[in-house]
Amino acid sequence: MMADENKSGQSCDEVPLITKSSSNSDPADPEDNSPESYTMATQDAVIKPCQCGKPDCPSCGSEGSKMSPQSYVYAIGKVGHRFPNRSLEMELAQAISRIPGVETKNLTNPEVVHKVLSDTNNRYISRQVCYILTIEGLETYILVPSDPLDTDRLAQAIRPEPNRNDIDVIIGRRGGVAPPEMCNGLMLPIVMVDQIYSFDRNALIKSIPKQRGVNETQYKKTASTIFDTILQISDNTGAIDEHRALNYLTVRYDEIYHRTQLLQGENYSFTGVEVRPSSLSDVRKVLDVILSYENRNNRAVQKWFVRVDVTEEFPFLVTAMQEYFER
């Protein structure tokens, strides 16, 4: 793995790519007194209070103490922001006005906003800003940090120089739909964020270890093609187990890139990816992620697969990549 900095000089998180295994940090518990929070009851279930903050509210249809299965998210997109009300928007403008003109002269508006939100003196503003995850151009989730200290990480994800190569990986627990007053009328599912990785596409591709003798330019093209294919799978919001497994492998397992490059050297084309329940998934949720390749000359097909456990919030590798044979 390697740390990197984006073109604007903003410090990026360590690119979350692994070759063998990854270590997962324990998720922080959400605050119980927040209207948009969810009180964790067990690892796989959640007590959902009313979105108005009351434990039982007939008018809002609160489920009170009813239990429901926990839903996890492993999504790849871009973090943006929105003001929940006019008051906070004007407070940001006043915070900008307090900055000496020599520090903001010639800066673009995104650069100034980033400067203000990432300043710890303005944490009272960044805590109340609505953070939105956009996937393939569509606003998909409202992000709420499970630990208030992680507000700084969300604020840092608002780039001073936004571009199409920005990537944010969000790992968390999905809750209900936000009430309209939470984010200025925007009603999207809430995700309690336990981990966030922010980097750019070029940093990800550069971090993938290149095998000896492989052309670097061609390898980057291969890695980019696989990355795009997985992200563009229909409705990949990282909310179902199949998509969580795919997104995990995309940023954490470099063998899928190496295998594709090797098979291209044998004149095979990468033709697609599918996810099936594994025969090992009796007790835990284990999925087989299968990559298909077709020979350009005789159309012979090779399939390779890797097993991923998606039972809890943080997916992990069960078996390394190996050739797949249909039964």
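Side notes on the structure shown:
- Here the range 270-327 is the region considered, the condition is being in a strand (DSSP E or B) and among the acidic types (D, E), and the residue that is nearest to R244 (Cα to Cα) is D309.
- Positions within the range 238-269 being in contact with a helix residue (DSSP H, G or I) (Cβ under 7 Å, 6 or more places away or on another chain) and either in a loop (DSSP other than H, G, I, E, B) or closer than 21 Å to Q302 by Cα (or both), in sequence order: G238, L246, L249, T250, I256, Y257, T260, Q261, Q264
- The residue list D150, D194, D200 contains one member that is surrounded by 20 or more Cβ atoms within 10 Å (Cβ to Cβ), farther than 23 Å from V310 by Cα and either among the charged types (D, E, K, R) or modelled with pLDDT of 95 or more (or both), which is D200.
- Against the numbered list (1) in a loop (DSSP other than H, G, I, E, B); (2) at pLDDT 90 or above; (3) of a type in the set (D, E), E161 comes up short only at (2).
- Checking the stated criteria, V214 turns out not to satisfy the condition of being of a type in the set (A, V, I, L, M, F, W, C) and not in a loop (DSSP other than H, G, I, E, B).
To keep it simple, each residue is scored yes or no on (1) under 29 Å from I135 (Cβ atoms); (2) in the same structural domain as D168 (by TED's automatic domain parsing); (3) crowded, with 18+ Cβ neighbours inside 10 Å.
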residue: N247; (1), (2), (3): yes, no, yes
residue: E266; (1), (2), (3): no, no, no
residue: F270; (1), (2), (3): yes, no, yes
residue: K285; (1), (2), (3): yes, no, no
residue: S292; (1), (2), (3): yes, no, no
residue: T311; (1), (2), (3): yes, no, no
residue: L317; (1), (2), (3): yes, no, yes
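- So P209, is it assigned to a loop (DSSP other than H, G, I, E, B) and farther than 24 Å from T140 by Cβ: yes
Conditions (1) among the hydrophobic types (A, V, I, L, M, F, W, C); (2) over 30 Å from T260 (Cα atoms); (3) in the same structural domain as I99 (by TED's automatic domain parsing); (4) in contact (Cβ under 8 Å) with a residue 12 or more places away in the chain, marked per residue:
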| position | (1), (2), (3), (4) |
| --- | --- |
| R123 | no, yes, yes, yes |
| T140 | no, yes, yes, yes |
| L143 | yes, yes, yes, yes |
| S146 | no, yes, yes, yes |
| A155 | yes, yes, yes, yes |
| A178 | yes, yes, yes, yes |
| M187 | yes, yes, yes, no |
| V193 | yes, yes, yes, yes |
| I196 | yes, no, yes, yes |
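- In the range 131-145, the residues that are out of contact with any helix residue (DSSP H, G or I) (no Cβ under 9 Å at 6 or more places or on another chain), surrounded by fewer than 21 Cβ atoms within 10 Å (Cβ to Cβ) and not β-branched (V, I, T): G137, L138, E139
The values are calculated or read from the model by the stated rules, or taken from the named source; none is laboratory data. As the structure is a computational prediction, the values presented were derived from the model and not from experiment. Don't worry about glycine lacking a Cβ; one is built from the backbone with ideal geometry, like all the others, and counts go over all protein chains shown.
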